[in-house]
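Quick notes on the structure that follows.
The values are calculated or read from the model by the stated rules, or taken from the named source; none is laboratory data. Predicted, not measured: the structure shown is a model, and the values here were computed from it. Neighbour counts are summed over all protein chains in view; Cβ atoms, including those assigned to glycine, are modelled from backbone coordinates with ideal geometry. These area figures cover heavy atoms from the full protein model, side chains too; ligands, DNA and RNA do not enter into them. Shrake-Rupley method; radii C 1.70, N 1.55, O 1.52, S 1.80 Å.
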Amino acid sequence: MNRGPSDPADERRRLVEALASVRDGRHSALAEVYRCTSAKLFGICLRILKDRSEAEDALQDVYLNVWRKAGSYDPARASPISWLAALARNRAIDHARSSGRRREDPAELAEAIADDGDTAPDLIDRFEQSQRLHGCLDRLDEHQRQAIRAAFLEGFTYSELADRADVPLGTMKSWVRRGLLRLKECLGDD
Amino acid sequence: MTEEPIGEELDLLAAEYALGLLEGEALEDAGRRGARDPAFAALVEGWTVRFAPLFSAFRSLEPDPGLWDRISASLEQPDKRPVEFASVRRRLTLWKSYSAAVSVLAFSLLLAVVLREPEQQSAPAPAVRPVMVATLAPEAGPPRVTAAYDPATNSLVVAPVALSTVPGHDHELWIIPEGGTPQSLGLVSPDGQRRFPLPPELSSRLVATATIALSNEPAGGSRTGQPTGPVVASGTFSAV
């Protein structure tokens, strides 16, 4: 199956148009959005939920949300894939919070979802923005950076982070908060 | 004793909320704050934007091939949220008394609309023979939009007649089955006719007794799934 053009600007334009068509109620447009983005969004849900069938449930909710909320997407405020990815991440976190169960990394999933460094710039809408964030993350202390990355990529709460790092909750909170303040200062005005 | 967070503390709270670090009561509090305080919501969005480049670290994985079929099937049955919005109902019962005697002008405009399909449609356009038309108008004023029901596609073809937009706002179209709750059909723009698919469980009999309404919503439409703004026009169907 043709996964689409390699030019990110083209990809972005197609997605913006497809989302506008979804807003007009076209099923075929949602199918197009799905074709272009489902692997990425499933990767997000799976990494956060760590369970294939829960991730598929969440992914289903994500596209229903896209169907209902495509009207609220504003291309001036975010790239389409960022908007979609944020929807997916939020939905996955909602699922994780409401299931209330302790999430472990099953061995067979670990390799599939492991972070092998950043993937090709299919998502990076602005290279400079990404460089800036990664540069600022690199400037943090190791435990600050790891905690913040784990919060974003794994969807952990403060208590889950504290458990995994085997530190008191207060310690983890202060690591993260100090890290966030330094990040914000490093990133400067957006 | 909790102090109300301000300044840097508030921004940190926004970051924690955006990242998903919060749980339980702290999460609920932050959620409520986001709903009522646009400044806080803006802070949350600021952090979301800051972290967006990190999305590239997620690895892509194909979901089960059958998943799209399940999604597609569930599009046909939108879940209805039975939220009460008595104020909208009250206004709508007023409009019902204006069950449209469709004006000749509105009807001929509508015929022109339904016979001329938009160019962008990818599938060959089915011939539309409207069996019911509705004129949506305010309590005292000219019609704003007309809506024709097309049974072949179970959709409404809606054409603006006199519709102006206010910056930062959109007009959202609702179908309210008699005794039922409003269901959003989407946003109506003033610059052309659009086809709005109807939920398939609405038979033409239910459509015939439904009220169609246009509400004034924030840009992008209501965030809640129910009308949040004033009803600017409404109408019911008359058989052609």
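For residue A:27 and residue A:141, calculate 0.36 nm times their separation in residues minus their Cα-Cα distance, and state this gained length in nm to one decimal.
Answer, rounded to one decimal: 36.3 nm.
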Neighbour-limited loop hits for GluC sites (Glu not before Pro), the stretch B:170-224 (at most 16 other Cβ within 10 Å; DSSP other than H, G, I, E, B): B:178, B:201
Contour minus Cα-Cα distance for residue B:64 and residue B:224 (0.36 nm per residue): 54.5 nm
Peptide A:66-73, shielding by other chains (average Cβ, 10 Å cutoff): 5
Buried area at the B-A interface (accessible, heavy atoms, 1.4 Å probe, summed, Å²): 5500
Listed peptides A:131-137, B:180-186 by packing density, highest first (mean Cβ within 10 Å): B:180-186, A:131-137
Projected label distance in nm at residue B:25 and residue B:162, using a 7 Å step from Cα toward the beta-carbon: 5.6
